[in-house]
Amino acid sequence: MQEINQNLAEEAGLNITHICLPPDSSEAEIIDEILKINEDTRVHGLALQISENLFSNKVLNALKPEKDVDGVTDINLGKLVRGDAHECFVSPVAKAVIELLEKSGVNLDGKKIL
């Protein structure tokens, strides 16, 4: 999957850096790495690929919402659910579902996303 992402990024003119922590990394070590990335002005977005047992609110919310390319922080999800999609980063999957619904003729005016 990383190779596919790397190739797609190169085609789009993007730079991708993979940071691979050891599989036995603790939640605190993952959060420390996320906090470093948050402060790196060269990094504009972060996609997390972590094991399910480390997928926690604490880890997800360590990420700055403006760098959350998957739209998984509480702030981005909360705005999306409230109907403020224009004020947050919408997950590419959620955005694709919305586009499919609209193209299928479903009227989403006044609808909230959940």
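In the stretch 54-101, what residues are in contact with a Pro (Cβ under 8 Å, 6 or more places away or on another chain) and aromatic (Phe, Trp, Tyr)?
89
Kindly provide the set of residues from the stretch 94-114 that are assigned to a loop (DSSP other than H, G, I, E, B) and loosely packed, with under 14 Cβ neighbours inside 10 Å, ordered by number.
Selection gives 104, 105, 106, 107, 108, 109, 110, 111, 112, 114.
If you scan the stretch 15-43, which residues turn out to be closer than 20 Å to residue 65 by Cβ and not β-branched (Val, Ile, Thr)? I'd like the intermediate steps shown before the answer.
So in the stretch 15-43, the residues closer than 20 Å to residue 65 by Cβ come out as 19, 27, 30-43.
If the condition is that a residue be closer than 20 Å to residue 65 by Cβ and not β-branched (Val, Ile, Thr), then 27, 32, 33, 35, 36, 38, 39, 40, 42 are the ones that fit.
Every residue, every condition in (1) at positive phi; (2) in contact (Cβ under 8 Å) with a residue 12 or more places away in the chain, yes or no:
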site: 51; (1), (2): no, yes
site: 61; (1), (2): no, yes
site: 71; (1), (2): yes, yes
site: 78; (1), (2): no, no
site: 98; (1), (2): no, yes
site: 101; (1), (2): no, no
site: 110; (1), (2): yes, no
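Could you list, in sequence order, all residues of the stretch 53-93 that are open to solvent by less than 60 Å² (accessible area, probe 1.4 Å), part of a helix (DSSP H, G or I) and under 24 Å from residue 5 (Cα atoms)?
Hits for the stretch 53-93 are 54, 59, 60, 65, 67, 76.
Residues of the stretch 4-52 being surrounded by 10 or more Cβ atoms within 10 Å (Cβ to Cβ), part of a helix (DSSP H, G or I) and not hydrophobic (A, V, I, L, M, F, W, C), which ones?
Those that are surrounded by 10 or more Cβ atoms within 10 Å (Cβ to Cβ), part of a helix (DSSP H, G or I) and not hydrophobic (A, V, I, L, M, F, W, C): 5, 6, 7, 10, 27, 29, 32, 33, 36, 38.
The values are calculated or read from the model by the stated rules, or taken from the named source; none is laboratory data. Please read these numbers as outputs of a predicted model, since none were measured by experiment. Note that each Cβ is placed from the backbone with ideal geometry, even for glycine, and that neighbours are counted across all protein chains shown. Heavy atoms of the whole protein, side chains included, go into the accessibility calculation; ligands, DNA and RNA do not. Shrake-Rupley method; radii C 1.70, N 1.55, O 1.52, S 1.80 Å.
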